[in-house]
Amino acid sequence: MPPAKDFILEFASFLLKSNSLKFGVFTLASGKQSPYYIDLRVLPSFPAYFRLTINALKDTVTKNVGEFDTLASVPTSGLVFGSALAYEMSKPFIYARKESKGHGTGKAIEGFLKSGSKVVVIDDVATTGTSVSSAVEIIRANGAIVEDVVALVNRHEGADDRLKKMGVRLSAVTGIKDIVNALYNAGLIDENTLESVMKQAAAKGEYETD
């Protein structure tokens, strides 16, 4: 079930007002250019919107995943959302390091992960899926089962396809298409901005780096 239209508009409007969503010409880490930039790391600085978002994330997990044992996240931007959701749902929480520690035990997983447990990975923004697919591989290599990734926002740029090839389903609270459509219908962005974002989402680059 998709999120309510009023949530999408409220969320989208907040992103725009807080400069979490910017339009223009931006260069991503891959070197690829994008007509917009979205950064959800500001959300925890606004408790009311943060709680609204965590509740929407909880609803998405409940409706799309069903039973599971543990929540995981991708450092660093996904950590605050994954840990808050784990607290809200009373679930164990772990995270997969991008690189194993070069000291101490050198472990790749932080937290206690029981072998055979079903893990749901939480991400803030799903773009091409490079980072989250790496986390899935690490968690699986440590004996757990990963069949679902849940993101706050899907940029529709290849993450779905990449994860599907790994046997993982991607669900999201909302997507950039719904966000810009809501903003356009509310008169908050113009048609050129809408079309540039839609074009970006259509021309997905599956193997670009996040």
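The values are calculated or read from the model by the stated rules, or taken from the named source; none is laboratory data. Since this is a predicted model, take the numbers as computed values, not measurements. All Cβ positions, glycine included, derive from the backbone under ideal geometry; neighbour counts span all protein chains shown.
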Would a scan of the stretch 65-83 turn up a residue that is out of contact with any Gly (no Cβ under 6 Å at 6 or more places or on another chain), under 22 Å from residue 8 (Cα atoms), in contact (Cβ under 8 Å) with a residue 40 or more places away in the chain and surrounded by fewer than 22 Cβ atoms within 10 Å (Cβ to Cβ)?
-> yes
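With 170, 188 as the choices, which residue is surrounded by fewer than 16 Cβ atoms within 10 Å (Cβ to Cβ), modelled with pLDDT of 95 or more and either in a loop (DSSP other than H, G, I, E, B) or touching a Leu at 6+ places or on another chain (Cβ under 6 Å) (or both)? Steps first, answer last, please.
Values: 170 fails: surrounded by fewer than 16 Cβ atoms within 10 Å (Cβ to Cβ).
None of the others qualify; the one that does is 188.
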So residue 50 clears everything in (1) surrounded by fewer than 17 Cβ atoms within 10 Å (Cβ to Cβ); (2) among the aromatic types (Phe, Trp, Tyr); (3) touching a residue at least 12 places away in the same chain (Cβ under 8 Å); (4) under 30 Å from residue 197 (Cβ atoms) except one condition, right? Which one?
-> (1)
With respect to residue 178, determine if the residue is under 15 Å from residue 60 (Cβ atoms), assigned to a helix (DSSP H, G or I) and in contact with a helix residue (DSSP H, G or I) (Cβ under 7 Å, 6 or more places away or on another chain).
-> yes
Residue count, the stretch 63-77, condition under 13 Å from residue 110 (Cα atoms) and of a type in the set (Gly, Ala, Ser), comes to 2
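Let's see how each residue does on (1) under 17 Å from the mean Cα position of the chain (by Cα); (2) part of a strand (DSSP E or B):
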position: 16; (1), (2): no, no
position: 19; (1), (2): no, no
position: 25; (1), (2): no, yes
position: 37; (1), (2): yes, yes
position: 41; (1), (2): yes, no
position: 50; (1), (2): yes, no
position: 55; (1), (2): yes, no
position: 60; (1), (2): yes, no
